[in-house]
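Right, one structure below, let's go through it.
What follows is calculated from the coordinates using simple rules that are stated; it is not laboratory data. Bear in mind that the values here come from a model prediction, so they are computed numbers and not experimental data. Glycine gets a Cβ as well: all are built from the backbone with ideal geometry, and neighbour counts include every protein chain shown.
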Protein chains: 2
Amino acid sequence: MGRWEPNARDRLAQAALDLYSERGFEQTTAAQIAERAGLTERTFFRHYADKREVLFGGSELLEKAFVDSMAAIPASVAPVDAIATTLETVASYFTDRHDYARRRRDVINAHPGLRERELIKIASLSAALETTLRDRGVPAHAASLAAEAAMAVFKVGFERWADTEEEHPMADFFRESLDELRNVFAGKAS
Amino acid sequence: MGRWEPNARDRLAQAALDLYSERGFEQTTAAQIAERAGLTERTFFRHYADKREVLFGGSELLEKAFVDSMAAIPASVAPVDAIATTLETVASYFTDRHDYARRRRDVINAHPGLRERELIKIASLSAALETTLRDRGVPAHAASLAAEAAMAVFKVGFERWADTEEEHPMADFFRESLDELRNVFAGKAS
């Protein structure tokens, strides 16, 4: 087997998700994941630090998508509008990933250790977004609040998108969630 | 040493915080915490499941304070106003805890394992608040968004309160943060 394996990262992520769904996270080893992907255990650990990380290979890309999109919007645009635009851009990242994202979510929710890892990733995303907002001139605390609010919209919109049986554009769910959060702050009863 | 120890929980929490600050979390054992508190290791494990939990003994009380306060507000009150009132009530929970809370925060931020545990506690708090909002008749997704927004205000308000050298009423910081988040959603630039 050569050292270079085409799409090794994705194949490992897919194999891990399949095995975690079939047998459970605890019952699966890195060696088994590598085997299912037709790769070696050494290759697994070249790509992922541990059995949890294999489900979070996209986190850095997602964070980069958030930060790059936000950084590209003129600083004159109000934070809430910049967040709306950023979420539209980020939504495209999930195109054709509906099935994978649904199954991944179910596996993560079934295991506290994976849930913890996900919360850390979201906290990192929130911190990166906060920094980007501050770089736009938004005062520190407002930037922090806006970043947390953006994460709330992202999480709820994502869940709603994942809950649908058939894939609909994720951007629609982000828009809907952002509007709902606006309504909450406008003091609407529901 | 008798089986019943007055304030054992608080004494263990205080001793743990002292030792984590002095030596670091990794370098401290449950036995050392018990010794510093003048208690036995067995007593430690009667009160806390592990070395991390000892810093989160107040989490259930805090969650109860959030839920009880929210549940007591008439359902006719708009969610954002119910959140504002709930945060005012919860703020009183932190009276006279400024020094402890500041030191605890510094210890938690210095250790990823403690940070993960804290994120899980906040996620649990958010879920409890979401359920309480749904019980008030708020639709599921709006309840989820409002609960996440409440947590954002709580986190940022808490940080701001903890950042001050002298203790000021926490409720002021919650009000300020909630107003800032309202401004963000009203489309204000900063």
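Miscellaneous remarks
- Exposure rule at most 10 other beta-carbon atoms within 10 Å, DSSP loop GluC sites (Glu not before Pro): chain A longest free segment: A:27-164
- Which of B:Ala15, B:Ala31, B:Ala49, positive extreme of dipole for region B:8-51 (C-beta unit charges): B:Ala49
- Each of B:Ala123, B:Pro74, B:Val153 was placed along the dipole of region B:56-185 (beta-carbon charges, centred on the mean Cα), and the one lying farthest toward the positive end is B:Ala123.
- Positive contributions from Lys and Arg (+1) and negative ones from Asp and Glu (-1), summed over other residues with Cβ under 10 Å from the Cβ of B:Gly38, come out at 0.
- Percent RCO, i.e. relative contact order, over region A:8-54, from Cα pairs under 8 Å lying at least 6 residues apart: 40 percent
- Using a 7 Å projection from Cα along Cα-to-Cβ, the label point at A:Gln27 is separated from the same position in the remaining copies by 4.4 nm, smallest value first.
- Copy-to-copy label separations for B:Ala75, where each label sits 7 Å from Cα toward Cβ, in nm and ascending: 4.8
- Anisotropy class of the protein assembly as shown from Cα gyration tensor, a/c 1.5 cut: oblate
- Based on Cα contacts under 8 Å between residues 6+ apart, region B:107-150 shows a relative contact order of 31 percent.
- Exercise: per-residue mean of other protein chain Cβ atoms within 10 Å, A:177-183: 5
- Expected-Rg normalisation [2.2 N^0.38 Å, Cα atoms] applied to chain A: 1.13
- Charge dipole (Cα centre; +1 on Lys/Arg Cβ, -1 on Asp/Glu Cβ; no other charges) of the protein assembly as shown amounts to roughly 740 debye.
- Selection from B:Val90, A:Ile83, B:Ser177, by position along the positive dipole direction of the protein assembly as shown (Cβ): B:Val90
- One chain, two ends: B:Phe45 and B:Ala71. Fully extended at 0.36 nm per residue, the span grows by 6.0 nm beyond their Cα-Cα distance.
- Loop sites in region A:1-108: trypsin sites (Lys or Arg not before Pro), DSSP, at most 12 other Cβ within 10 Å: A:Arg3
- Helix A:59-72 axis, angle to chain A major axis (alpha carbon atoms, nearest 10°): 30 degrees
- Sequence-distant aspartates and glutamates (8 or more away, or on other chains) whose Cα lies within less than 19 Å of A:Lys188: A:Glu176, A:Asp179, A:Glu180, B:Asp81, B:Glu130, B:Asp135, B:Glu148, B:Asp179, B:Glu180
- In this Cβ point-charge picture (+1 for Lys and Arg, -1 for Asp and Glu), chain B has a dipole of about 500 debye about its Cα centre.
- Nm distances between copies for A:Asp10, ranked from closest, using label points 7 Å along Cα→Cβ: 5.9
- Value of [θ]222 nm, deg cm²/dmol, for chain B, DSSP H segments ≥ 4, -39500 (n - 2.57) each, nearest 500: -23000 deg cm²/dmol
- Here the label points at A:Asn7 and B:Lys188, each 7 Å from Cα along the C-beta direction, are separated by 5.1 nm in the simple model.
- Length-normalised contact order for chain A - Cα pairs under 8 Å, 6+ apart - percent: 19 percent
- Reachable lysines, given that their alpha-carbon falls under 20 Å from the alpha-carbon of B:Lys155 and they are not under 8 places away in the same chain: A:Lys121, A:Lys155, B:Lys64, B:Lys121
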